[in-house]
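Down below is the structure, laid out as structure tokens.
The values are calculated or read from the model by the stated rules, or taken from the named source; none is laboratory data. Here the structure is a predicted model, which is why all the values come from computation and not from measurement. Cβ placement follows ideal geometry from the backbone for every residue including glycine, while neighbour counts extend to all protein chains displayed.
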Amino acid sequence: MTDGTRAPETADYMADTRPIAVGEAGPGCKKRDPIVVARHVTRRFGGINAVDVDYLEIPRHKITALIGPNGAGKTTFFNLLTGFDQPNSGEWTFDGHSLAGVSAYKVARMGMIRTFQLTKVMGKLTVMENMRLGAANQPGERLSKALFKNLWGGREQEITAQAEVLLQKFKLDAKRDDYAASLSGGQRKLLEMARSLMAQPKLVMLDEPMAGVNPALTQSLLDHVKNLKAEGMTVLFVEHDMQVVRHIADWVVVMAEGRIVAEGPPAVVMKDPAVIDAYLGAHHDVDLGDMQGLQALEEELAHDRKSVVGTEDEGIIGQHVAEYDGREDGGRRERG
């Protein structure tokens, strides 16, 4: 297609309500139609096991959220799957093809495209030039053909037309001739997502797409992520905002200390004690994806603060509580 999207073949992906898992949901469960399968993937940095994934399948034509506390190994796992880092052990396949040892650019050519938490736009190139960089099959990149425009001019016109459609779709068409460095953080996220579609991917991997985005652009980004699924693509994204996860994810995978500790539908995973332990310790009665649950957590933490303030170690404990609250006076309390 010329607009950078992949048309649905026969199924209506948005209306497909069949179970994603084969059997009961849980860590390492089988999926009905996986596009990525990872087995025994490990990555160590010194004595730290950053990633230790025994088995994981990513469902095709679904939006899967990869969540977990800071340091859980999510981005490292992204890097391993996409060829930006190499594991200590393990194997994984994408659409039936092994990716072990495959370079990042070859992974992208196979249809697995990723974005980054810190956007990787080319600031000294225009928005349109950034878009053109994302397209595949460009004969003008070969030295033997670069001097002969008649060999690559037609393809460049196709790429430009494809980019124009995507820029209009992402509401960046007015910025087509501006340098990418002049864009806001949210606009750079939009540009990076739009550029990733130039390669017509099968799987789009988004590393914290909402991080640092102005709230005014958040809904736009969410809509674009959902549209990727409607256009027949698979989405795997890292996110910390539980409301975002509950709003758009079909499936949630939870990592903690490099391992997969839970996976399943958002409404189920948010109430899983293993997930709540990973984020909050021992608060087993909180639904992370529900506003009432978060308010209950606040009340429980407030009760904990009142309980510890009267102890002999009020200064030390109060300081830790204040650090949680972000207050500036925590370290200046007098000990009782």
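List of remarks:
- Set L191, L228, L236: member being modelled with pLDDT of 85 or more, crowded, with 22+ Cβ neighbours inside 10 Å and outside any helix (DSSP H, G or I): L236
- Residues satisfying the stated conditions in region 75-85, i.e. more than 14 Å from R259 (Cα to Cα) and in contact (Cβ under 8 Å) with a residue 40 or more places away in the chain: L81, T82, D85
Here is a yes/no grid of residues against (1) part of a helix (DSSP H, G or I); (2) at pLDDT 90 or above; (3) in contact with a Phe, Trp or Tyr (Cβ under 8 Å, 6 or more places away or on another chain):
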{"position": "A50", "(1), (2), (3)": "no, yes, no"}
{"position": "V53", "(1), (2), (3)": "no, yes, yes"}
{"position": "L56", "(1), (2), (3)": "no, yes, no"}
{"position": "T64", "(1), (2), (3)": "no, yes, yes"}
{"position": "T76", "(1), (2), (3)": "yes, yes, no"}
{"position": "D85", "(1), (2), (3)": "no, yes, no"}
{"position": "G90", "(1), (2), (3)": "no, yes, no"}
{"position": "A100", "(1), (2), (3)": "no, no, yes"}
{"position": "V107", "(1), (2), (3)": "yes, yes, yes"}
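- Any hit, region 93-114, residues being buried (at least 20 other Cβ atoms within 10 Å of the Cβ), closer than 24 Å to G185 by Cα and of a type outside the set (A, V, I, L, M, F, W, C): yes
- Qualifying positions in region 211-222 - in a helix (DSSP H, G or I) and either at pLDDT 90 or above or over 15 Å from the mean Cα position of the chain (by Cα) (or both): P215, A216, L217, Q219, S220
- Qualifying positions in region 158-188 - under 19 Å from the mean Cα position of the chain (by Cα), without any contact (Cβ under 8 Å) to a residue 40 or more places away in the chain and crowded, with 21+ Cβ neighbours inside 10 Å: Q187
- Screening Q117 with (1) at pLDDT below 85; (2) more than 21 Å from L228 (Cβ to Cβ) gives one miss only, at (2).
- In region 27-48, the residues that are surrounded by fewer than 20 Cβ atoms within 10 Å (Cβ to Cβ), among the basic types (K, R) and part of a strand (DSSP E or B): R39, R44
- Hey, K30 more than 19 Å from the chain's Cα centre (by Cα), modelled with pLDDT of 85 or more and not aliphatic (A, V, I, L, M) or not: yes
- None of V268, V253 is part of a strand (DSSP E or B) and in contact (Cβ under 8 Å) with a residue 60 or more places away in the chain except V253.
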